[in-house]
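Reviewing the structure listed below.
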Amino acid sequence: MAENHNGAPKITSIIRQALKVNKMPFPWVKAFCAGLAASLPIMIGLLGGNFQYGLISGVGGFTYLYVFHIPYAQRAKKLFFVLLGITFVAGLGTVAAPHPLAVAILMGIIGSTGIFIFGALKIKGPSAIFFVLIFAMTSGMSIHPEQALLRACLVFLGGTLSWVIAMIGWFFNPHGPEKDVVKREYLELASFLDSIGTENYHGARQRVMAVFKEAEATLAAGFIPWRITELFQRLFLLHNQANLIFMTVLENFPEEHAELAPKMGGWIRGVAHSLDQSIRLEKEMEWENEDESIAKISAKIMETQAILQKQITELNHGIAFSKQSLKTILLGAFDKNSIVFISALRFGVMIMISAVIAYEFGFKRSFWVPLSCVAVMSGATIVATYHRAIQRGIGTILGILIASLVLMTHPTGYMIAFFVLLLTFITELFIVKNYGLAALFFTPNALLMAESGSQGSYSFSYFASARILDVVIGSLIGISGVLLVGRRSASSRLPHTITKTIRSQAQFLFILFSNQGKGFDAGKSRERSKMKTNLNNLRTLYDTATGEIPIDQKALDYYWPVIFSIDQLGYLLDKCSLMENRPDLPDNTLAQLFYVFETMANSADRGTSPAIKNVPKIDEFPSIQKEIISLQHALQLE
């Protein structure tokens, strides 16, 4: 990013980035289904002779906007809870409508709760935006608190229709997301094997570890204990085998070693492509074992042949996932140093302030002010917030022009349903390209849905100018909130979080390589859970720090290899916990390892260079020793 002499991004650079169009492919199917989910309830209402009920039910169609390419088991649960959430806020908005101050407070609570839950659980989607929108829309309807249950039920019915549409794909490809991520695992693994002995080694290693983590989370999310299909079992075994191959390479084939035979990577790619052919490999590849290290690697690679071709009943397997509990994840994020908690708190406070300002100054349809504030503050970083403000402003102004053309036709009934379908379709089509392009069509869609049921008779010129004023004020409040509250909150917390993470890794390493008694499962230990929580918080913190203004590029350049090494070490320790051949290290070795970790943690906390200490060898796991040494060097200050 271009910067001025103070380290702040240039205005022209921010505008250019805000207007950048991504090269993501258009999601045609999802876009059409989103339009169908939003418009079909309106059509059903028209067929039933009650257009107003259809419009309220159409609000439930926003449920579909939380659909992403995740396992259907996870999608079903996620959308169900989203459905319950929007149903609740629709009823709550109706009840609170007569009390503007209560509406403002509740709007902040709903927004901060949504931001916290989506952030802590790392759930893909538009986060709190549509919960706040639906609450605001129902509180802005004609005031009838006695209709709270009716409106909530109508929204629930519309959302249920969205849930059904979202789950239709399960009948045709029930494990599509799981299959796709395992395929990517093997493609990245093949690239990693090709990179050994080249300058691309470290980048390939980082990418393959990232997709391994994604695959593990995806398979865990798709796991249904009472319905384990043969395909899912085979995908699970292939995932585990990919991790074993990777670990075997790390332990037996250092990066400075000569390159592996190219056909090893080619065979791994064959495994990936075979997933599109009902998981059957046409031809078995063979190669001569040149030395003991390559023999071990090739043996692990060839084991995939059995997973691919044998009957599932012939394979000795069991499916088990070591997942953190919901309570552990939420409590881990509910911490004064957690950027998720800080962001949620800031989000809620600024929404309350924007809502109070809107109501106190008597804005017509005052909920558009806090909604603009929500849209702007939904940017993950300060730079992203600027981008959102620019995109929201340009998209809204042009969107209002589109809305004027739509409203000039005086649409009624089925025409409104058609426009809702069309505008929702185009919004979802362009959301992957640029938020501003999406706002260009979402704005007239939201205006159409929100205002179609109103009894207002004011002119469109007044209506349009009011909406532009609402967006400008809401965007300015959102930007002010990000700049004034915790603008350096992420980067200032990096040393403390790095220290916590290193110490939690030391504790986990201790239980891995010491005798904890018969039946102890390191994969389910609280030490592993604590390490994973700290690693998640650290990654989120660093990503947030990269978007701060002003940005301390020198500090970020220093922290990047540190966080990279900590992340690599965390992966190695985590996978080590799943292996049974771990040695019990002598007390003096464990004490030396603790000394090394505490030296690094203390230096990270104080901002000094740690003294380079001797790292004892860990039999069978030389990669762990090597990564600890790398972390010591990464922490050195220039």
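Every number here is computed from the coordinates shown, using simple stated rules; none is lab data. Treat the numbers as computed from the prediction; the structure is a model and nothing was measured. A quick note on method: Cβ atoms are made from the backbone with ideal geometry, for glycine too, and the neighbour counts reach across all protein chains shown.
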- Full extension between Q592 and N50 adds, at 0.36 nm per residue less the Cα distance, a length in nm of 187.6 nm
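First measure r as the distance between the Cβ atoms of F68 and T608, then evaluate 1/(1 + (r/R0)^6) with R0 = 41 Å and state the FRET efficiency to the nearest 0.05. Could you put the intermediate results ahead of the total?
Working: r = 43 Å, r/R0 = 1.06.
Calculated transfer efficiency: 0.40.
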- Message: If you take every residue apart from I319 with its C-beta less than 13 Å away from the C-beta of I319, what net charge results, scoring Lys and Arg +1 and Asp and Glu -1?
- Response: 0
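Which of L541, L187, L47 comes first, and how do the rest follow, when ranked by fewest Cβ neighbours within 10 Å?
Ordered by Cβ neighbours within 10 Å, fewest first: L47, L187, L541.
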- Of F520, F419, F172, how do they rank once you tally other Cβ atoms within 10 Å and put the fewest first? F172, F520, F419
- Item | Label-point gap, in nm, between Q309 and K524 - each point 7 angstrom along Cα→Cβ | 3.7 nm
- Extending each Cα 7 Å along its Cβ direction at E146 and Y201, get the distance between those two points in nm, one decimal. 7.7 nm
- Item | Residue pairs, from the table K183/K296; K124/K310; K179/K327; K183/K327, whose Cα atoms sit over 26 Å apart | K124/K310; K179/K327; K183/K327
- Query: Cα centroid distance between region 498-539 and region 89-126, in Å?
  - Reply: 35 Å
- Sort W226, W368 so that the residue with the fewest other Cβ atoms within 10 Å of its own Cβ comes first and the one with the most comes last. W226, W368
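What's the extension gain from K263 to D557 if we count 0.36 nm per residue and subtract their Cα-Cα distance?
102.1 nm
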- Note on the structure: Rounded to 0.05, the calculated FRET efficiency for the beta carbons of I511 and L231 at R₀ = 30 Å is 0.25
- Message: If I take R0 = 41 Å and measure r between the Cβ atoms of L121 and M408 in this structure, what FRET efficiency does the formula 1/(1 + (r/R0)^6) give, to the nearest 0.05?
- Response: 0.40
- Lys and Arg at +1, Asp and Glu at -1: add these up for the other residues within a Cβ distance under 15 Å of A90 and post the number. 0
- Query: Once a ≥ b ≥ c are taken as the square roots of the eigenvalues of the Cα gyration tensor of region 491-634, is the result rounded (a/c under 1.5), prolate (a/b larger than b/c) or oblate (a/b not larger than b/c)?
  - Reply: prolate
- Roughly what would the spin-label model give for M167 and F32, points 7 Å off Cα along C-beta, in nm? 2.3 nm
- Message: Could you give the length gained by full extension between A320 and E360, i.e. 0.36 nm per residue of separation minus their alpha carbon distance, to one decimal place?
- Response: 8.8 nm
